[in-house]
Amino acid sequence: MSNSDYVWERKRGDRGQEVRRAQLALGISADGIFGSQTEQAVIAYHGSPIIDRCMMYSLGIPIDLGVDVSSYQVDTDWERVSRTGVTFAWRKVTEGQTHVNGEKGSEAGDSVAFIRDAIRARENDIEVGFYHFGRPDTDVGSSDAKAEAQHFLSYVVPDVCSLPYALDVEKGVSGDYNYNANWVINWCEFVEQTTSKPVIIYTARWAFNSYLKHADDKFIQKIISRPLWLADYDGNPDDEVAPWEEYAINQFTGSGSIDGVNGNCDVNWSAGGALRKLVNGGYC
């Protein structure tokens, strides 16, 4: 599949937050269910029974295409990527307390590829964020989250980062939900307080259920106060969003193809208008 094949749309029978946004913009009952009334309103608006990206843009609710890349996609051609319609990208920087995506690209003088990726992406009008792969399951202890946060911040380049920093939550101590939840909160709070920059949480339903689901509600509420970047590949992200009320970003495939990116990569849709909010810090 190439990026030209990626189609965002909602049709009769679908439901969720983007249907609700469209309903609100159309001035009809906003129950988030694409039924006959919504279909009639959509047809009246643009002659088609499908809510597509063009319609959402015309309603002032843009849907944006984005990628996230790591050491597996060194030497990305960001000029080509920008021509595909990709408007945002997150780049992996660190993992745990010691690992750095310190790979070098092929260009002369290229010392760290993730820095070049960020600079080149921004030069081509792509919004850029950095992410850290959290490892609460290693070096377990009260100081680990802070140590990992410090490790991450020692390598990010704030001047070329226009999106929130992201914490990838896919690991944890098995069965210790409160430890994992506290770890996530401590990492986020240290980064936010140190940088005055917000954090977005990347996770999937399986990971949340495995490591966070049964944590005390006071901890869950602190976690879900931050925007959600949801990994969900079945085309129905709204079914996986709880306990968040909505997602800001949906990673809809882990094996996508984007012109300019070497090999497969993760590909994402931003929810309606979410990218603008994230750039301006409005989600946090």
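Observations on the model:
- Applying both filters, DSSP loop and at most 14 other Cβ atoms within 10 Å, to the GluC sites (Glu not before Pro) of the range 213-284 gives Glu245.
- The trypsin sites (Lys or Arg not before Pro) of the range 77-158 that DSSP puts in a loop, and whose beta carbon has at most 14 other beta carbons within 10 Å, are Lys104.
- Within the set (1) 60, 41, 39; (2) 57, 50, 31; (3) 54, 44, 37, the number that Cα extents along the principal axes in Å takes when calculated for this structure is listed as (2).
- Taking Lys and Arg as +1 and Asp and Glu as -1, the other residues whose beta-carbon sits under 10 Å from that of Ile249 total -2.
- For the pair Lys11 and Thr195, label points projected 7 Å from Cα toward Cβ lie 4.1 nm apart.
- In order along the range 8-21, the Karplus-derived 3J(HN,Hα) couplings, from 6.51 cos²θ - 1.76 cosθ + 1.60 at θ = phi - 60°, round to 9, 7, 10, 9, 3, x, 6, 8, x, 5, 6, 4, 4, 4 Hz, and Gly and Pro are given as x.
- Per-residue [θ]222 nm for the chain (sum of -39500 (n - 2.57) over DSSP H runs n ≥ 4, rounded to 500): -9500 deg cm²/dmol
- Rg of the Cα atoms in the range 159-263, relative to 2.2 N^0.38 Å, amounts to 1.13.
- The chain: angle of helix 113-123 to the longest principal axis, Cα-based, in degrees nearest 10: 40 degrees
- Residue-span extension gain [Lys277 to Arg205] - 0.36 nm each, minus C-alpha spacing: 23.5 nm
- Across the range 204-212, computed HN-Hα scalar couplings (Karplus, 6.51 cos²θ - 1.76 cosθ + 1.60, θ = phi - 60°) run 10, 4, 4, 6, 4, 5, 6, 10, 10 Hz from first to last residue, x flagging Gly and Pro.
- Volume of the Cα convex hull of the range 1-129, divided per residue and given in Å³: 140 Å³
- Ser36-Glu245 FRET efficiency (beta carbon distance; Förster radius 35 Å; 0.05 resolution): 0.85
- Straight Cα distances below 25 angstrom link Lys92 to the lysines Lys104, Lys146, Lys171, Lys197, Lys222, Lys277, with same-chain residues fewer than 8 positions distant left out.
- For Asp159, the accessible surface of its heavy atoms amounts to roughly 150 Å² (probe 1.4 Å, protein chains only, rounded to the nearest 10).
- Heavy-atom SASA rank of Thr38, Thr194, Thr87 (probe 1.4 Å, accessible area, largest first): Thr194, Thr87, Thr38
The values are calculated or read from the model by the stated rules, or taken from the named source; none is laboratory data. Predicted model only: the values in this text are computed from it and were never measured. In this analysis, Cβ positions are derived from the backbone assuming ideal geometry, glycine residues included, and neighbour counts consider all displayed protein chains. Note: accessible area is taken over every heavy atom of the protein model, side chains too, but ligands, DNA and RNA are not part of it. Shrake-Rupley method; radii C 1.70, N 1.55, O 1.52, S 1.80 Å.
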